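J.: What follows is a single structure, and I will ask about it in a moment.
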Amino acid sequence: KFTESHVEDEELYKILMINSPTGIYVIQNGRFKFVNNKFKEYTGFSDEELLGRDSLSLVLPDDRERVRENAIMMLKGKISLPYEFSVINKKGEIMWTLEKVASITYRGQRAVLGNYMDITRQKTMEEVIRESRERFRAIIDNIEDGYGEIDIEGNFTFFNDSLLGINGYTRDELIGMNLQGITDQEDLPGLIQALDEIRKTGKASRRIEVKFIRRGGARRYAEISISMIKDVKGQPVGFRGIVRDTTDRRE
């Protein structure tokens, strides 16, 4: 009975390994000895092309030394979090991988059990977001109007150089400063009411006229267009605004 149960467990283990949704492999002496279906699907190579092959040959050349060092550190228990790197599939495409390894005995010899997780889509989205942010930053930094972002309490979290030029403060002085500190007290209630209305309705407000106080105390006129900033769950987290100094026009 013990033997039958042991055989059944071995068979179940084999089925799980082969059909795991994560790419799984076994390496001995630096070469693949076992690869499951997901690993073959991920790399595009067959059993014949992978078994006996140098495991690092799939890794992007610039990443190989780092992968080797991370694997050794994980096998020694010095790191526990998965590490990421790039591999080249059969089509020559660069894929991003998240990997973990562990020391095992395979067919009576010391071996490495590893698993791959394909994070190419995630990394691609991160790159798209990064490029979008860079384009956004370039646009914001090069417009003549002031641009600023405040949190829900009204503290400045981001702004461009044009806004600094309008209010006369340095970057270190303005970051974290509350909107009340640069708004004329006569216009502050109306501005607060406008922000509250935007928060409640989610609708942007155009051409709000306020007087602001420059560094040194001089008062200037401005038109502000304000919209809501929301987090990934759709909850309000702050406001963004385009500020145009209209003092010269009014005069």
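J.: Being surrounded by 12 or more Cβ atoms within 10 Å (Cβ to Cβ), on the phi < 0 side of the Ramachandran plot and touching a residue at least 40 places away in the same chain (Cβ under 8 Å) narrows it down to one of N167, N155, so name that one.
T.: N167
J.: May I pose another question? Looking only at segment 103-120, decide whether some residue is without any contact (Cβ under 8 Å) to a residue 60 or more places away in the chain, loosely packed, with under 12 Cβ neighbours inside 10 Å and among the aliphatic types (A, V, I, L, M).
T.: Within segment 103-120, not a single residue is without any contact (Cβ under 8 Å) to a residue 60 or more places away in the chain, loosely packed, with under 12 Cβ neighbours inside 10 Å and among the aliphatic types (A, V, I, L, M).
J.: Which of the following residues is out of contact with any Phe, Trp or Tyr (no Cβ under 8 Å at 6 or more places or on another chain), at pLDDT 90 or above and either on the phi > 0 side of the Ramachandran plot or polar (S, T, N, Q) (or both): G52, G44?
T.: G44
J.: Also, I was wondering about something else. Within segment 34-74, can you find the residues that are over 28 Å from the mean Cα position of the chain (by Cα), hydrophobic (A, V, I, L, M, F, W, C) and within 14 Å of G114 (Cα to Cα)?
T.: Those that are over 28 Å from the mean Cα position of the chain (by Cα), hydrophobic (A, V, I, L, M, F, W, C) and within 14 Å of G114 (Cα to Cα): F34, V35.
J.: Among helices (runs of 4 or more DSSP H) lying entirely in segment 33-132, which contain 1 or more residues that are under 20 Å from I18 (Cβ atoms) and in contact with a strand residue (DSSP E or B) (Cβ under 6 Å, 6 or more places away or on another chain)?
T.: Filter on segment 33-132 gives 37-43, 47-50.
Residue-wise test of (1) over 23 Å from I143 (Cα atoms); (2) of a type in the set (F, W, Y); (3) at pLDDT below 90.
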| site | (1), (2), (3) |
| --- | --- |
| L179 | no, no, no |
| D184 | yes, no, no |
| A194 | yes, no, no |
| G216 | yes, no, yes |
| S227 | no, no, no |
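J.: Just to check your reading of the model, which residue among I140, I152, I192 is among the aliphatic types (A, V, I, L, M) and in contact with a Pro (Cβ under 9 Å, 6 or more places away or on another chain)?
T.: Just a single option satisfies the conditions, and that option is I152.
J.: Answer yes if at least one residue in segment 45-60 is more than 30 Å from G148 (Cα to Cα), touching a Leu at 6+ places or on another chain (Cβ under 6 Å), open to solvent by 60 Å² or more (accessible area, probe 1.4 Å) and in contact (Cβ under 8 Å) with a residue 24 or more places away in the chain, and no otherwise.
T.: no
J.: Please verify whether segment 237-248 includes one or more residues that are out of contact with any helix residue (DSSP H, G or I) (no Cβ under 7 Å at 6 or more places or on another chain) and modelled with pLDDT under 90.
T.: Checking segment 237-248: at least one residue is out of contact with any helix residue (DSSP H, G or I) (no Cβ under 7 Å at 6 or more places or on another chain) and modelled with pLDDT under 90.
The values are calculated or read from the model by the stated rules, or taken from the named source; none is laboratory data. Note that the coordinates shown come from a computational prediction; the quantities given were computed from them, not determined experimentally. Counting neighbours? That spans all protein chains shown, and the Cβs are built from the backbone with ideal geometry, glycine included. Surface accessibility is based on the protein's heavy atoms, side chains included, excluding ligands, DNA and RNA. Shrake-Rupley method; radii C 1.70, N 1.55, O 1.52, S 1.80 Å.
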